[in-house]
Amino acid sequence: MALACALLAGAAFADDSPQDLVRSVPANVMALCAAQLSPGQDTQWAPCTPAVEAPPSLVEDAPLIEDEIRSEPGPHPWIALGEVTAINVFVWTWDRYIAKKDWAYISPAVWKENFRTGFVWDQDGFSTNQFAHPYHGGLYYAASRDNGLEYESAVALTFLGSLQWELFAENEPPSANDLINTTVGGVAMGEALYRLSSLVLDTEARGRQRFVRELTAGVLSPVRGLNRVLRGDVNYHGPSPTEWWPDDIAGWASLGYLKLGDGKSLAWGEDQFFIQGTLRYGDMYRGPHHRPFDAFNARVQFTSRETSLVTHARLQGLLAKATLWNTGHDEVRLGLFQQLSYTDTLAYEVGGQFLNAGFLHEHKFANRARLRTALLADGSLITGVSSEHNGSDESEGRDYDYGPGVGFQFHMAYLREDWEVLTLDADAEHVFVVDGSGGAHRVHQAQLQVDLPVYKQLGMGSQLNFFRRHSRFESFPAVTKDTWQLRLFLSLH
């Protein structure tokens, strides 16, 4: 992921125009978009944005340009299945013959025992289960997506790839938590990375810029990158598919100082430094929505003096929406979301796979400012929460509990154009422990952030985070733990 960030920056400056990396649309594609608009049609609903007026000669040639655009391949379900199986064979071969992992020594007797034992809860580390497994599942999903399968079919094939691995690639009993995290988390991560790779690609680029773009897209979505080489897409020169660009996109990075108070006053907390990237892809609150993840929000954070490279990650994609009320200044809609969340710090661990449903509202002010609010109900398929007690000898080596949960989220943001000046987030979840210490956890999280424009795209801000876990154990005294974080940062939008 860090390499991808560096490559993104390199691609951006390859043509001396940083925003061209994800903002620019080739002129001939824009001409096609303009040609598709009938007289008097509202440009808000054009297939590409922003709508521009193309020269008459380009508009007249638009039908020919449309014929030359190379669309997404597929559907090829059998090729996708072969690629999913090949991913498992490749990873297993590496683990068995290069890394020489003990659990990679398999045989038909091992497979028979896996079927006899059935699914259990494994004892792997938090980052392995909650982050690495979703990334692995994202490879399965990308193979499905890159062979033209729709979301529902790609989910099924991701599940099949995870099932293959759990039953046939390890001599340890198949893991229930791995099956869920790899499948559900893999769908979210795979779709987001696939769409990000589309933002980087430009099939009209040539030379060094084309090479850097193709390489960056391959880092973001390795299966897609390999397929583009095998299909010869890396050598194709012509208009890119219009669906590669969302109607709206905004991104920013934050770099700064973090004070972490683990159960004590911030004055005596630990000093850290962090860098965080945030992306808003598409528009959850307004505009059309045709396919899952046409709109999603994502952020990832790297923090110093931590055991995990990635300490915070959150990805929430819109699966479906229904508009309830729409005026010139207000829109209220009902949304269904899929969410992956991950926090792994020295102070606490929490993360899981969620489905969210609830109300979204956006109000537009006369000065091009907006106020967005969201109230969502949460249903967690699986959540991992840090715990003081292992509960049994079998759970030795795992310092967190597993279980489903229910809760809610509240989000409010004040924006000046695309700049989120003030944001408030709060959520609560009740986790029912099914493997680990026994009992239940109530988790509360809140975040208040101010990010003020200073000069052009440069901002300065502060953020206050609060985390509380109240745990009731079956065989141990209850525990309440509070953690505070104070951040001071510079932002680049």
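Over all distinct alpha-carbon pairs, what is the Kirkwood Rh of region 353-439 in angstrom? Before the final figure, lay out the partial values.
On the way: mean 1/r = 0.0655 Å⁻¹.
One decimal place: 15.3 Å for the Kirkwood radius.
Quick one: order K100, K112, K321 from most to least accessible surface, probe 1.4 Å. Please list the in-between numbers first.
Working: K100 120, K112 155, K321 70 Å².
Correct descending sequence by accessible area is K112, K100, K321.
May I ask you to list the residues of region 192-224 whose amide nitrogen lies under 15 Å from a point 7 Å from Cα along the Cα→beta-carbon direction of H76?
Under cut-off, by backbone N: 223-224.
Rank these by accessible area, largest first, 1.4 Å probe: I249, I275, I382. Kindly include the intermediate steps, with their values, before the conclusion.
On the way: I249 20, I275 80, I382 0 Å².
Putting I249, I275, I382 in descending order of accessible area: I275, I249, I382.
How much of D399 can a 1.4 Å solvent probe reach, expressed as accessible area in Å² and rounded to 10?
Ignoring ligands and nucleic acids, D399 comes out at about 80 Å².
Around F274, under 14 Å between beta carbons, what's the net of Lys plus Arg minus Asp minus Glu among the other residues? Before the final figure, lay out the partial values.
On the way: positive: K259, R299, R305, R487; negative: E270, D271, E306, D344.
That sum, taken over residues with Cβ under 14 Å, equals 0.
To the nearest 10 Å², what's W92's accessible area with a 1.4 Å probe?
Rounded to the nearest 10, that gives 50 Å².
Under a crude label model (7 Å from the Cα following the beta-carbon direction), how far is Y135 from S475 in nanometres?
About 3.5 nm, to one decimal.
Measuring from label point to label point, each 7 Å out along Cα→Cβ, what is the T117 to F432 span in nm?
2.7 nm
Which FRET efficiency value, to the nearest 0.05, do you get for H290 and R368 by plugging their Cβ-Cβ distance into 1/(1 + (r/R0)^6) with R0 = 25 Å?
FRET efficiency, H290 to R368: 0.40.
Among rounded, prolate and oblate, which fits region 228-339 when a ≥ b ≥ c are the square roots of the eigenvalues of its C-alpha gyration tensor, a/c under 1.5 means rounded, and a/b larger than b/c means prolate?
Because a/c hits 1.5 or more and a/b fails to exceed b/c, region 228-339 counts as oblate.
Show me, for region 137-143, the HN-Hα J-couplings you get by feeding each phi into the Karplus relation (A = 6.51, B = -1.76, C = 1.60, θ = phi - 60°), rounded to Hz, glycine and proline as x.
x, x, 5, 4, 5, 5, 4
Cross-link partners among lysines for K364, C-alpha distance below 26 Å, same-chain residues fewer than 8 apart left out?
Correct list for K364: K321, K456.
To the nearest 10 square angstrom, how much accessible area does R333 have with a 1.4 angstrom probe?
0 Å²
Post the alpha-carbon centroid distance, region 81-129 to region 309-363, in whole angstrom.
So the two Cα centres are separated by 33 Å.
HN-Hα J couplings of region 194-211 from phi, Karplus 6.51/-1.76/1.60, θ = phi - 60°, integer Hz, Gly and Pro as x?
Rounded to whole hertz, the list is 4, 5, 5, 5, 5, 4, 6, 5, 8, 6, 9, 6, 9, x, 4, 4, 5, 4.
The values are calculated or read from the model by the stated rules, or taken from the named source; none is laboratory data. The shown structure was predicted, so the numbers you read here are calculated from the model rather than taken from an experiment. Neighbour counts run over all protein chains shown; Cβ positions are idealised from the backbone, glycine included. Protein only, heavy atoms only, side chains kept; ligands, DNA and RNA dropped before computing areas. Shrake-Rupley method; radii C 1.70, N 1.55, O 1.52, S 1.80 Å.
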